[in-house]
Structures are given as C-alpha cells and as structure tokens.
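Step one of this worksheet: look at the structure below.
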Amino acid sequence: MKVGVLAVQGAVSEHIKMLEKCGVEGVPVKKDQALSQLDALIIPGGESTTIGRLIKKSGLDRQIIKMAEEGKPVYGTCAGMIILAGEIEGEEPHLGLMNLRVFRNAFGRQKESFEAELEVPFLGTDTFPAVFIRAPYVTWTGPEVEVLCRFQDSIVAARQGNLLVTSFHPELTEDDRFHRLLIAMARENSQETRSPREKNTVGPAVL
Ligand code: GLN
C-alpha cells in the first residue's frame with residue numbers, strides 16, 4: 001500500500017509521518033511523478049491558489065482526476081478541500097471533483113487559527129481534536145455528499161464516494177482516524193479492482 005502526498009507546496013512531512021504510523025508507505029509526490037503506482041493521494045494544506053496553479057502547470061491535475069475516476073481515494077485537508085471542490089465562492093474551481101461549494105478563509109481574522117474538539121459520529125464516540133488554520137468551510141453540498149462533521153453550524157468534513165475532505169488538519173494531531181479511514185478506503189478499492197462489488201462501502205467498522 002502506497003499513499004502519495006502532493007508535495008508541490010504546503011504541509012507534507014506531517015502527513016507522511018502519520019501514514020507511516022498507520023503502517024503504510026507515504027510517498028511525496030513532486031511535479032513529474034507518475035501517480036499510477038499509488039493507491040491513494042492526500043492533497044495537503046497550504047495555499048490553494050498556489051497548489052492549483054502548480055498542479056495545472058505540471059499536468060498533475062489530469063493525473064489526479066484520473067486517479068479519482070479510477071475509484072482511488074483522494075483526501076484533501078484545508079487547501080486540499082478547496083482544490084477538490086466543485087465550486088469556490090467568488091472564484092473558479094481547481095479540480096472540481098466534489099459536488100460541494102467552499103468558502104475560503106471562512107472563519108475570519110479573529111479565528112485565523114484555533115482548535116476545537118468535534119463530534120464525528122462516523123469515526124466513533126470520541127471527539128476529534130480539530131486544528132483549523134485559515135480554514136475554509138463548506139457552504140453547500142449536493143445529494144451525493146455525506147456530511148461527516150460540523151463546527152457550530154458549518155460543515156467542516158465531508159465525503160463523496162472515494163473523495164474525502166476536512167477543513168482542519170488531522171496530521172498536526174495524534175489522532176490518525178481520518179488517515180486510517182483513507183487507508184481502509186484504498187484497501188477496499190484495490191480489492192474491488194480484483195473482484196468488483198459495490199463501491200465505497202467502508203464504514204466505521206473497519207477503523
Ligand atoms: N487559506 C488557505 C487557502 O485558502 C488554506 C489554509 C490551509 O490550508 N491551512 O488556500
């Protein structure tokens with residue numbers, strides 16, 4: 001099992017450490033890397049405008065879309081959420097893979113960075129220590145999007161089949177449940193590739 005971490009800009013090493021803690025290889029993905037050998041991909045936090053521009057320039061954007069279309073899981077944290085969104089308030093989308101709309105820097109100046117313990121029923125009864133850094137939130141979701149978590153009234157984690165997004169940064173905590181969810185989704189997808197059955201059924205039971 002190999003999970004790529006897009007390494008064009010932003011927080012990369014923390015994701016790689018978290019993946020290694022979960023027992024899988026984390027591979028930094030640079031601009032001329034082939035993604036076909038990877039089982040899943042993480043698009044980390046950073047500056048979405050910069051990440052979007054660099055993946056377009058290098059052609060990684062088309063490779064990521066292909067991966068997602070093959071059913072391989074892609075997980076976007078913070079700026080990664082913005083990169084995957086179908087719509088961005090006031091801007092053109094980047095990959096446009098998920099049927100949801102995001103609002104950048106949504107928590108305003110006073111709350112540029114903060115932490116909150118959030119209920120994520122999908123991951124079990126323990127709260128999740130969510131670290132927000134100039135984070136976006138989701139202002140609208142299409143019917144195929146499952147909302148996993150809210151902070152106050154705002155959607156801050158969601159899933160659409162093999163695509164997963166969080167406004168916050170699990171890689172900056174000790175809680176590896178989102179990373180383990182991504183790995184479980186990747187295992188499920190690689191089993192299906194060998195023996196096709198219904199897609200994206202991974203639930204909390206596998207964590
Ligand atoms: N504010 C950044 C953006 O809009 C995201 C911040 C982050 O990834 N921590 O792209």
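The values are calculated or read from the model by the stated rules, or taken from the named source; none is laboratory data. Bear in mind the structure is a predicted one, so any value in this text is a computation, not a measurement. Ideal geometry is used to build each Cβ from the backbone, glycine not excepted, and the neighbour counts take in all protein chains shown. Surface areas here come from the heavy atoms of the whole protein model, side chains and all, with no ligands, DNA or RNA. Shrake-Rupley method; radii C 1.70, N 1.55, O 1.52, S 1.80 Å.
Looking at Glu188, is it open to solvent by 10 Å² or more (accessible area, probe 1.4 Å) and within 16 Å of the chain's Cα centre (by Cα)?
Working: open to solvent by 10 Å² or more (accessible area, probe 1.4 Å): yes; within 16 Å of the chain's Cα centre (by Cα): no.
So Glu188 does not fit the description; no.
Restricting to the range 156-180, and then to whatever is touching a residue at least 40 places away in the same chain (Cβ under 8 Å) and among the hydrophobic types (A, V, I, L, M, F, W, C), can you tell me which residue is most open to solvent (accessible area, probe 1.4 Å)?
Of everything passing the filter in the range 156-180, Leu172 is most open to solvent (accessible area, probe 1.4 Å).
Return only the number of the condition from (1) open to solvent by less than 10 Å² (accessible area, probe 1.4 Å); (2) within 16 Å of the ligand (Cβ to nearest atom) that Val29 does not satisfy.
(2)
Suppose the filter is more than 14 Å from the ligand (Cβ to nearest atom) and either among the acidic types (Asp, Glu) or more than 17 Å from Thr49 (Cβ to Cβ) (or both); does Gly59 pass it?
Yes, satisfied.
With respect to the numbered conditions (1) within 12 Å of the ligand (Cβ to nearest atom); (2) in contact (Cβ under 8 Å) with a residue 40 or more places away in the chain; (3) not in a loop (DSSP other than H, G, I, E, B), which one is the sole condition not fulfilled by Val102?
The failed condition is (2).
Can you pull out every residue in the range 73-88 that is assigned to a strand (DSSP E or B) and within 15 Å of the ligand (Cβ to nearest atom)?
Those that are assigned to a strand (DSSP E or B) and within 15 Å of the ligand (Cβ to nearest atom): Tyr75, Gly76, Thr77, Ala85, Glu87, Ile88.
Please tell me if Leu148 is without any contact (Cβ under 8 Å) to a residue 40 or more places away in the chain and assigned to a strand (DSSP E or B).
Answer is yes for this residue.
Could we say that Glu91 is surrounded by fewer than 18 Cβ atoms within 10 Å (Cβ to Cβ), more than 10 Å from the ligand (Cβ to nearest atom) and acidic (Asp, Glu) here? First the steps, then the outcome.
Values: surrounded by fewer than 18 Cβ atoms within 10 Å (Cβ to Cβ): yes; more than 10 Å from the ligand (Cβ to nearest atom): no; acidic (Asp, Glu): yes.
For Glu91, the condition - surrounded by fewer than 18 Cβ atoms within 10 Å (Cβ to Cβ), more than 10 Å from the ligand (Cβ to nearest atom) and acidic (Asp, Glu) - is not met.
Just name the residue that is nearest to Glu70 (Cα to Cα) out of those in the range 1-26 that are open to solvent by 20 Å² or more (accessible area, probe 1.4 Å) and among the aliphatic types (A, V, I, L, M). Spell out how you get there, then give the answer.
Narrowing the range 1-26 to residues open to solvent by 20 Å² or more (accessible area, probe 1.4 Å): 1-2, 7-14, 16-17, 20-23, 25.
From what's left, among the aliphatic types (A, V, I, L, M): 1, 7-8, 11-12, 16.
Values: Met1: 16, Ala7: 22, Val8: 23, Ala11: 26, Val12: 24, Ile16: 23 Å.
Ranking the qualifying residues of the range 1-26, first place goes to Met1.
Can you spot a residue in the range 125-135 that is touching a Leu at 6+ places or on another chain (Cβ under 9 Å), part of a loop (DSSP other than H, G, I, E, B) and either without any contact (Cβ under 8 Å) to a residue 40 or more places away in the chain or crowded, with 21+ Cβ neighbours inside 10 Å (or both)?
yes
Which one of these is within 16 Å of the ligand (Cβ to nearest atom) and over 14 Å from the mean Cα position of the chain (by Cα): Thr166, Thr139, Thr125?
Exactly one residue qualifies, and that residue is Thr139.
Restricting to the range 32-69, and then to whatever is open to solvent by 30 Å² or more (accessible area, probe 1.4 Å) and outside any helix (DSSP H, G or I), can you tell me which residue is nearest to Leu181 (Cα to Cα)? Talk me through it step by step, then tell me what you get.
Of the range 32-69, the ones open to solvent by 30 Å² or more (accessible area, probe 1.4 Å) are 32-34, 36-37, 39, 46-47, 49-50, 53-54, 56-58, 62-63, 65-66, 69.
If we keep only those that are outside any helix (DSSP H, G or I) too, we end up with 32-34, 36-37, 39, 46-47.
On the way: Asp32: 28, Gln33: 25, Ala34: 24, Ser36: 21, Gln37: 20, Asp39: 13, Gly46: 22, Glu47: 25 Å.
Only one residue tops the list, namely Asp39.
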